[in-house]
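Colleague: Supplied in structure tokens, the structure appears directly below.
Here, each number is a calculation from the coordinates, and none is a lab measurement. Here the structure is a predicted model, which is why all the values come from computation and not from measurement. Cβ placement follows ideal geometry from the backbone for every residue including glycine, while neighbour counts extend to all protein chains displayed.
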Amino acid sequence: MTQQRPYIDTHQEQDDTNHSNNAHFSEVLQVRLSRRKTVLGGVSATAALMLGSLTGCSSSSDDDVTPVAPELKLGFTPVAKNLNDVVTVPTGYEVAVVYALGDALNTTTSAWANDGSETAESYEFRAGDHHDGMSFFGLGSDGKWSPNTSDKGLLCLNHENITSAFLHTAAPSMVDGKRPINEALKEINCHGVSVVAVNRQTNGSFVVDKANSLNRRITPNTVMEFHGAAAASRFLVTKYDAKAKKGRGTLNNCANGYTPWGTYLTCEENWAGYFKRPSSDDSLRSSAELASLKRYGVTSSSGANSWSTASDSDDRFTRWNATILDAAKT
């Protein structure tokens with residue numbers, strides 16, 4: 001039986017999963033700020049007392065007048081408050097879409113049809129959904145990073161989440177309790193990161209250079225190599241790679257940054273809810289495992305999008321099931 005799967009907002013704020021008695025970061029920060037304020041206040045009072053006692057020692061009758069800084073004003077007319085469902089900018093400014101959901105990253109992938117007909121595999125070469133943190137890296141005439149170049153470069157951006165209603169020909173569905181493989185894979189591939197070559201036009205707008213070989217999509221299924229201290233760590237051992245030298249993909253990419261040498265940094269958040277791990281799994285876990293899993297919040301009975309139901313053997317989907325399936329192997 002085919003059923004419509006109800007929309008689930010996988011980006012909702014997760015419950016606080018810190019069950020320890022440790023102080024929350026906000027509490028530590030508040031104490032730090034309070035101490036700083038107290039110290040600075042004491043220094044200011046001491047300075048005022050010392051300087052005040054020297055007033056009569058001044059040999060000049062001239063009073064130094066502190067200049068008043070001019071009032072800062074906006075260089076444009078602010079946008080009036082409104083409830084219009086559209087991006088509004090001040091008069092004299094323009095807004096344009098450079099890279100939208102489904103846009104092709106090469107010259108061979110078809111244009112987005114906006115009807116859900118695109119294949120799941122095609123999203124390995126299309127823009128993902130829910131654009132988030134991003135950084136621009138200018139490219140010089142030699143094709144290398146040039147921090148002072150702004151008319152040509154690579155735009156790196158995160159695809160944190162999805163609105164599944166825009167991805168399929170019909171509403172997301174369940175067939176006999178399983179997600180259709182194409183639906184689940186399309187939703188998976190819409191997460192991750194894009195690396196997009198863009199060029200500034202003579203009118204000031206930017207366009208995607210689809211012919212640029214640097215264009216790239218990184219999805220939750222993209223194979224990656226571990227380097228440095230993380231490589232071969234026992235904490236990264238998986239069924240996929242028992243040597244812990246490779247992993248796959250990235251998910252729920254929100255915050256971002258960049259290094260001084262021109263590489264992109266992307267950060268994950270709210271990933272725990274994507275994994276299935278019902279309460280029945282608790283009895284198969286050690287106390288240390290339980291503490292870690294619950295601290296992270298891996299406690300969903302089905303996983304936010306039920307991706308693990310799409311196949312019982314294809315590890316592109318079974319990987320979303322964090323349940324111990326064979327207690328004898330633990």
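Colleague: At a Cα cut-off below 20 Å, give the lysines reachable from Lys210, other chains included and same-chain residues fewer than 8 away excluded.
Modeller: The reachable lysines, counting only those whose Cα sits under 20 Å from Lys210, are Lys144, Lys152.
Colleague: Taking R0 as 22 Å, what FRET efficiency do you get between Leu29 and Met134 from their Cβ-Cβ distance, rounded to the nearest 0.05? Before the final figure, lay out each step's value.
Modeller: Working: r = 27 Å, r/R0 = 1.22.
With a Förster radius of 22 Å, E is 0.25.
Colleague: Follow-up. Provide the gained length on full extension for the span Ala165 to Leu325, in nm with one decimal, where the gain is 0.36 nm per separating residue minus the Cα-Cα distance.
Modeller: Numbers: separation 160, 0.36 × 160 = 57.60 nm, distance 3.19 nm.
Length gained, Ala165 through Leu325: 54.4 nm.
Colleague: Quote to one decimal, in nm, the extra length available between Tyr296 and Ser311 on full extension: 0.36 nm per residue of separation minus the C-alpha distance between them. Working shown, then result.
Modeller: Working: separation 15, 0.36 × 15 = 5.40 nm, distance 2.54 nm.
Extending this stretch completely gives an extra 2.9 nm.
Colleague: Another question, if that's okay. Cα to Cα, under 19 Å, and not fewer than 8 places away if on the same chain: which lysines meet these conditions relative to Lys81?
Modeller: Lys73
Colleague: Give me the distance in nm between label points sitting 7 Å out from Cα along the Cα-to-Cβ direction at Ala242 and Phe76, one decimal.
Modeller: The two pseudo-label positions are separated by 6.0 nm.
Colleague: Same structure again: Rounded to the nearest Å, what's the spacing between the alpha carbon centres of region 106-136 and region 214-286? Just the number, please.
Modeller: Region 106-136 and region 214-286 have Cα centres spaced 22 Å from each other.
Colleague: Greater than 21 Å separation of Cα atoms is the criterion. Which listed pairs, Lys186/Lys239; Lys178/Lys276; Lys178/Lys245, meet it?
Modeller: Values: Lys186/Lys239 23 Å; Lys178/Lys276 14 Å; Lys178/Lys245 32 Å.
Among Lys186/Lys239; Lys178/Lys276; Lys178/Lys245, the Cα-Cα distance tops 21 Å for Lys186/Lys239; Lys178/Lys245.
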